[in-house]
């Protein structure tokens, strides 16, 4: 497997560790979907890990023709955003942006990291949301990473699908963002400016960030009448069958 790992915050020694894992298709997916709930968990003592499947080089809005420079920029922006969030480590799988396939290689790699990190909670796109009402949300990379993460969570708790030295692991709960059926709304009203600051780390994605902030507040952060601004999820408890 081809992947790069960046340690942002070395872990302090603890006898028992708790961790969470968030998986996105591109740099900035997790900043849109779950950055503040991950930050909240990190502040409660969880070790937070990010996996970014593609390099995001084809989503860069800067006029940079050199692909390697676009990749380097997007990784730099992702690390900056993850640092603000309190993430321990960012793992880049280095797939080509816009060409992510759901195949055995992807599922196996994700299963390996789930077994190694052993997260209690996993965040990713909602694999059940197939409404195709938005080109940005429903494109190929997002759909494929959602399915692959879901299936990797299953494979990680199986003895025989991808056996490795890390042993088995059963995730306790999945949080799906980009969902059309949210059942959990994480209140970010008091921290909306922090949310936008984290998103703003991805400078290459916004031609006019001030306009984007207005758009975000009006169209993307208002999933419920209960709170002014939220991160919204469909949640799934993983039931252990004995």
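The values are calculated or read from the model by the stated rules, or taken from the named source; none is laboratory data. Since the structure is predicted, the reported quantities are computational estimates derived from the model, not experimental observations. Neighbour counts are summed over all protein chains in view; Cβ atoms, including those assigned to glycine, are modelled from backbone coordinates with ideal geometry.
Among the residues of the range 97-113, those identified as over 20 Å from residue 7 (Cβ atoms) and surrounded by 15 or more Cβ atoms within 10 Å (Cβ to Cβ) are 97, 98, 100, 102, 106, 107, 108, 111. Does any residue of the range 67-80 turn out to be under 23 Å from residue 147 (Cα atoms), out of contact with any strand residue (DSSP E or B) (no Cβ under 9 Å at 6 or more places or on another chain) and surrounded by fewer than 22 Cβ atoms within 10 Å (Cβ to Cβ)? Looking through the range 67-80, none of the residues is under 23 Å from residue 147 (Cα atoms), out of contact with any strand residue (DSSP E or B) (no Cβ under 9 Å at 6 or more places or on another chain) and surrounded by fewer than 22 Cβ atoms within 10 Å (Cβ to Cβ).
Has the range 180-196 got any residue that is touching a strand residue (DSSP E or B) at 6+ places or on another chain (Cβ under 9 Å) and at positive phi? Explain how you work it out, then say what you get.
Let us first name the residues in the range 180-196 that are touching a strand residue (DSSP E or B) at 6+ places or on another chain (Cβ under 9 Å), namely 180-189, 195.
So of that shortlist, the ones also at positive phi come out as none.
Checked against the condition, which is being touching a strand residue (DSSP E or B) at 6+ places or on another chain (Cβ under 9 Å) and at positive phi, the range 180-196 yields no hits at all.
The criterion of at least 3 residues that are within 20 Å of residue 204 (Cβ to Cβ) and at pLDDT 95 or above is met, among helices (runs of 4 or more DSSP H) falling completely within the range 7-107, by 29-33, 67-85.
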